[in-house]
Amino acid sequence: MHARMTASPRESGLDPVAPYLSGMAPHVVIVGGGFGGLNAAKALRYAPVEVTLLDRNNYHLFQPLLYQVAMSGLSTTEIATPIRSILGRYPNVSVLLDEVVDVDLDDRRVVLRGGEALAYDYLVLAAGAKTNYFGHPEWSRNAPGLKDLDDALEIRRRVLLAFEAAEREPNAAVRRRLLSFAIIGAGPTGIEMAGALAELARFVLARDFRRARPEEARILLLEAADRCLLGFDPQLAAQACRQLEQMGVQIRFGAKVRHIDERGVWVGDELLEAGTVIWTAGVKPQNLAERLDVEKDRKGRIVVEPDCSIPGHPEVFAIGDIACFRGPDGEPLPGLAPVAMQQGRSVAYNIVRSIQGERRLPFRYRDRGMMATVGRSRAVVQLRRLRFDGLPAWLTWVAVHVFYLIGFRNRLLVLADWFYSYLTYRRGARLITGRRLQAGVPRRMIEPSEVERDALRRAEEKGEPVPSPWNGGEPPPPEPYPAP
Ligand SMILES: Cc1cc2nc3c(=O)[nH]c(=O)nc-3n(C[C@H](O)[C@H](O)[C@H](O)COP(=O)(O)OP(=O)(O)OC[C@H]3O[C@@H](n4cnc5c(N)ncnc54)[C@H](O)[C@@H]3O)c2cc1C
C-alpha cells in the first residue's frame, strides 16, 4: 500500500488545491514540464500513481532551437508545444498551470504562487535554470539572455529593429554602430547565435534593405576564457571558431566583461560599441533551489544522491539543470537535455520500485555526445571518440534535433522551414512584435547616451566641435566608465 499523504494543507492555513487528488494512489508532484519533468511524467503514465505536473508556462519548450526563433529562422509554435496536449491522453496525469514558490520538505507539500499548497508522496523537482548575470542583474536591460520564448522574441525584436533603424539613418557612423552586435559567451548557444546572425545579415536581409547594408554588420563574439566551446574537444572547438571567422564573425578571447550599458560592452576600460548586445554567458538554477535548505554546489545546484534523491529525503528528487549529479569521475554532469531526460525516466522507475518495495537503482548517464551548428552546412559533432565537422556534422545535427522535437507536426514544419531556407536563403519568421515596439528602441540606439551628451554639451560651451557619430565624425575615445 502506498504511503498516505503526510501533510494536510488546511491545517497549515494554506488552501489545498482540489480536486486533483483522489487519495487512492501515491501522489507524485512534478515541478516543471521541461525535458526532465516531461520524461518523468510520461514514464509514470501506466504506473499505479497519480501524477500532477506543475509548470508556470503552459508549454514545453525545445530550448536547443530557441536561438532559431531569436534569429527569425523558426516561429514560436514550431519549438513549443502545450504540455496539456502532450500529456492529455494519460488519465493518471493532471497538468496545472502555476508557479511553485516554496517546498515544505517536512510537511511534504509544495506552495504555489497564490498561497495554495499541494501535498505529495513523491516530489520531482525539474524546474531547470535561468540566465546568470554573475551578480549584475542590471545588465539584463541592455543585454537580454536566451532562456525562454519571451527572451527569444525580445532578441529578435532588437536585432530586426537595429536593421530598420539603420535603414533610415543618414549618418554612416551611427549606422555602423546600429549594425554592431555583441554576443557575450562563446558556448554552444553563443556560437550558434553568432553564426545564425551572420547568415541573417549577409544572406537573408542583404537584398531587402537599400541603405542599411546588412552584409556589413559587425558581429563580435566575446569570451572570457581562452577558447570557445569549453567541454568540447579543443581541436573541434577551434574548427568551429575558424568556420565562424570565415563567416565574418570577430571573436575575442580573454574578454572579461566589466560593464554593459546602452553604448555597448566594457571590457576593462575599453568600450566595444554595439547597438545590440546579447548575453549567452551562463545559467544558474531557478530560484526554487535557493528556497530549499539542502546542500548545494558552487553554482547553487541541489546536490543529489546516486538515485537523484535529496540527501535525507528519499521521497524528493531533483533532476536536470537544477541538480548537481556527480558522475563516476566526480564531476557534475553537464546541463544538457539528454541528462535531464534520462534522469526523468530514472526517477520515475525508482518511484515505482519504491512503491513495489524494491531496491532503487542508481542513475547512470549514457553520454549521447555533444554538437553545435555554426550555420548552413557547418557544425561540429563529438560522439565519444568520434569527432567530425562540416556537412556530415550538420546533417547529424539536423537529424538529431528533428528527432527530439516534440510532435510529428513540429518535426514536419521545422524540416520544411529548414529545407526552404536552405534552398532560398529566406527566413519566414521576421516579424517585429512586442508591446515595446514603439517604445523608442531605435531612438535609444540612435541617440547619444548621457556621457556622450555631456561631452557634446561641454564642447559646445567651449565652441569646439566634438567628433562624434552624432555630428558626423568618429566616436570620441572611450572614457573610463565609473566603476559600476
Ligand atoms: C538556448 C539554449 C540552448 C540549448 N541547447 C542545447 C543543446 O543543443 N543540447 C542540449 O542537450 N541541451 C541544450 N540546452 C540545455 C537544455 O535545454 C537543458 O539542459 C534542459 O532544458 C534541462 O532540462 P530541465 O528539465 O532541467 O529544465 P527545463 O527544460 O528548462 O524545464 C524547466 C521547466 O520548469 C518550469 N519552471 C521553472 N520554475 C518553475 C516554478 N517555480 N514553478 C513551476 N514551473 C517552473 C519552466 O517553465 C520549464 O518549463 C540548451 C539550453 C538553452 C537555454
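In this structure the amide hydrogen of Leu221, modeled in the peptide plane, comes within under 5 Å of the amide hydrogens of Ile183, Gln250, Ile251, Arg252, none closer than 5 places in sequence on its chain. Packing order of peptides 385-391, 74-80, 33-39, highest average first: 33-39, 74-80, 385-391 (average count of other Cβ atoms within 10 Å over each peptide's residues). Length gained on full extension, Gln246 to Arg359: 35.2 nm, using 0.36 nm per residue less the C-alpha separation.
For segment 357-362, putting each phi into the Karplus relation 6.51 cos²θ - 1.76 cosθ + 1.60 with θ = phi - 60° gives couplings of x, 9, 6, 6, 9, x Hz, in residue order, rounded to whole numbers and with x for Gly and Pro. Neighbour counting of Cβ atoms within 10 Å sorts the residues Tyr59, Tyr46, fewest neighbours leading, into Tyr46, Tyr59. Computed from the Cβ-Cβ distance with R0 of 25 Å, the FRET efficiency linking Asp367 to Leu391 stands at 0.55. Using the Cβ-Cβ distance between Phe419 and Asp104 with R0 set to 56 Å, the FRET efficiency works out to roughly 0.65. Distance between the modelled labels on Lys130 and Arg426, one decimal in nanometres: 4.0 nm (7 Å Cα→Cβ projection).
Its Cα centre serving as origin, segment 248-395 has a Cβ charge dipole (Lys and Arg +1, Asp and Glu -1) of approximately 640 debye.
Across segment 93-98, rounded Karplus estimates of 3J(HN,Hα) from the backbone phi angles (6.51 cos²θ - 1.76 cosθ + 1.60, θ = phi - 60°) give 10, 9, 10, 10, 8, 6 Hz, Gly and Pro being marked x. Cβ crowding within 10 Å, taken as a proxy for footprinting-reagent exposure, orders Met24, Met193 from fewest neighbours to most as Met24, Met193.
Of the peptides 159-165, 263-269, the order by per-residue mean of other Cβ atoms within 10 Å, starting with the highest, comes out as 159-165, 263-269.
Rounded to the nearest whole Hz, the Karplus-based 3J(HN,Hα) values (6.51 cos²θ - 1.76 cosθ + 1.60, θ = phi - 60°) of segment 198-206 follow the sequence 4, 5, 4, 6, 6, 10, 7, 8, 3, with x at glycine and proline.
For a modelled paramagnetic label at Glu290, 7 Å from Cα along Cα-to-Cβ, the residues of segment 133-177 in reach, with backbone nitrogen under 14 Å, are 133-138. Taking other C-beta atoms within 10 Å as the exposure proxy, Asp226, Asp297 rank Asp226, Asp297 from fewest upward.
Taking amide H as placed 1.01 Å from N in the peptide plane, Asp98 has its amide H under 5 Å from the amide H of Asp55, Arg56, each at least 5 places away in sequence or on another chain. Projecting the Cα atoms of Ala162, Phe62, Tyr122 onto the charge dipole of segment 38-183, computed from C-beta unit charges around the Cα centre, puts Ala162 farthest toward the positive end. Here's how it looks for Ala281: its modeled amide H is under 5 Å from none belonging to a residue 5 or more places away or on a different chain. What is the distance in Å between the Cα centroid of segment 43-109 and that of segment 186-226? Cα centroid of segment 43-109 versus Cα centroid of segment 186-226: 32 Å apart.
The numbers here are math on the coordinates, done by the rules we state, and not lab data. Values in this document were obtained by computation on a predicted structure and should not be read as measured data. Every residue, glycine as well, gets a Cβ built from its backbone with ideal geometry; the counts of neighbours run over all protein chains shown.
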